Amino acid sequence: MSGDASGEIAGLRAVLNACYAVCIDRLWLHREMIGHVYICEGGGKRYVLKRYRPIETENALRSIEILQYLKQQDYPVVTIVPTRSGASHCMMDTPQGPSVGILFDYLDGPEPERDAEVAAIARQVGRLHQVMEAYPQPLLRRGKDFYVDRYIAILQALDYPAGRIDDLAAYGGECWSRIERLPAGFCHGDLHTGNMRRLAQGRYVLFDFDAASRTHALIDIATLCDASDFNRFDEAAYDRTLRVFERFYQGYRCEREISDAEAAAIFDFIPVRHYELIATITQCRGETLSGAFLDEQYDWLMRWRDLCERRGR
């Protein structure tokens, strides 16, 4: 570990022990995306610290409100550890400016196996969407500008071939035009099994509500049911996704119905997720996309478009 990194870790540990009634003696970086996630240990307990980027402050505070509301509704979500003063978060100084830090209890449970547990997960997802219908606070609304246009803007900035940009802009717009006709509703925004843990009593604890919005519940359904490989195109992924959705619906329908239009739009959101994920990762990490990667994604998306047309979508 470099001197700068070890100094940062020591500084974080000092902030946590000053702000919280804990005794953290060890912590390390677990992963980095929208924020920095650290595992913390001390006093015989384990915690998770999430330190958001300063530009994500609004989303961080909104996710706290959602978690607190769901806790009040007895919905299983990760537990926020309060500060000594009873606050839900602390502020941390970074070179980029003040950032929100949230300390969570560590979730000691396995990540569920989607294919084996999808019906049980789906029933709980249905309850999430139902409970959030009564959420009293305003939610961020996300549309084509977030899900499609950011990727197109990145391609334009990189001087990607204009004809290919036109193809991708047209396809993304076509997919989103069908999605936006669907009923608006709560959307977790990143609902995959990596953002949940299974408890012994069979409940699934959810976390990472940073991308939550009032958009379309279909987005959560499609994200969880997507059985395609992000980087390797495989025609069989269409039927695999359909089979996962059929099992998903057996559980979800116990709480909510899914219209035929929503079910069909799963195959529209799978390519849109490529646009959104690439843009989000690029903007968070500041990485430069290679021409080879962009060509690979272009090929994947155009082949998916052709596959869906042949399957009548």
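The values are calculated or read from the model by the stated rules, or taken from the named source; none is laboratory data. Just so it is clear, the model here is predicted, and its values are computed rather than measured. Glycine also receives a Cβ, built like all others from the backbone with ideal geometry; neighbour counts cover every protein chain displayed. What goes into the accessible areas is simple: the full protein's heavy atoms, side chains included, and nothing from ligands, DNA or RNA. Shrake-Rupley method; radii C 1.70, N 1.55, O 1.52, S 1.80 Å.
Brief remarks on what is shown
- Among all positions in region 115-125, there is at least one residue which is without any contact (Cβ under 8 Å) to a residue 24 or more places away in the chain, farther than 20 Å from Ile24 by Cα and not basic (Lys, Arg).
- Check on Arg285, open to solvent by 20 Å² or more (accessible area, probe 1.4 Å), in contact with a helix residue (DSSP H, G or I) (Cβ under 6 Å, 6 or more places away or on another chain) and at pLDDT below 95: no
- Residue that is of a type in the set (A, V, I, L, M), at negative phi and in contact (Cβ under 8 Å) with a residue 12 or more places away in the chain, where the choices are Leu242, Leu224: Leu224
- Flag if Phe209 is aromatic (Phe, Trp, Tyr), closer than 22 Å to Gly312 by Cβ and touching a residue at least 40 places away in the same chain (Cβ under 8 Å): no
- Of all residues in region 18-51, those being at pLDDT 95 or above and farther than 17 Å from Tyr106 by Cβ number 2.
- For region 44-63, the criterion of a residue being among the aliphatic types (A, V, I, L, M) and either touching a Gly at 6+ places or on another chain (Cβ under 7 Å) or farther than 14 Å from Asp210 by Cβ (or both) is satisfied by at least one position.
- Checking region 29-46 against the condition returns no match, with no residue being within 30 Å of Ile278 (Cβ to Cβ), of a type outside the set (A, V, I, L, M) and over 22 Å from the mean Cα position of the chain (by Cα).
- Among the residues of region 127-137, those that are loosely packed, with under 12 Cβ neighbours inside 10 Å and touching a residue at least 24 places away in the same chain (Cβ under 8 Å) comprise Glu133, Pro136, Gln137.
- Residue within region 102-121 that is touching an Asp or Glu at 6+ places or on another chain (Cβ under 8 Å) and modelled with pLDDT of 95 or more present: no
- Residue list for region 63-75, filter: open to solvent by 30 Å² or more (accessible area, probe 1.4 Å) and either under 19 Å from Arg141 (Cα atoms) or of a type in the set (Asp, Glu) (or both): Glu65, Asp74
- Of all residues in region 139-166 being assigned to a loop (DSSP other than H, G, I, E, B) and without any contact (Cβ under 8 Å) to a residue 60 or more places away in the chain, the one that is most open to solvent (accessible area, probe 1.4 Å): Asp159
- Of the numbered criteria (1) crowded, with 18+ Cβ neighbours inside 10 Å; (2) in contact with a strand residue (DSSP E or B) (Cβ under 9 Å, 6 or more places away or on another chain); (3) within 29 Å of Thr241 (Cα to Cα), the one Met92 fails is (3).
- Qualifying positions in region 95-116 - of a type in the set (Gly, Ala, Ser) and buried (at least 19 other Cβ atoms within 10 Å of the Cβ): Ser99, Gly101
- Neighbours by Cβ (under 7 Å, 6+ apart or cross-chain): first from region 184-202, in contact (Cβ under 8 Å) with a residue 60 or more places away in the chain and crowded, with 18+ Cβ neighbours inside 10 Å; second among the polar types (S, T, N, Q) and part of a helix (DSSP H, G or I): Leu191/Thr223
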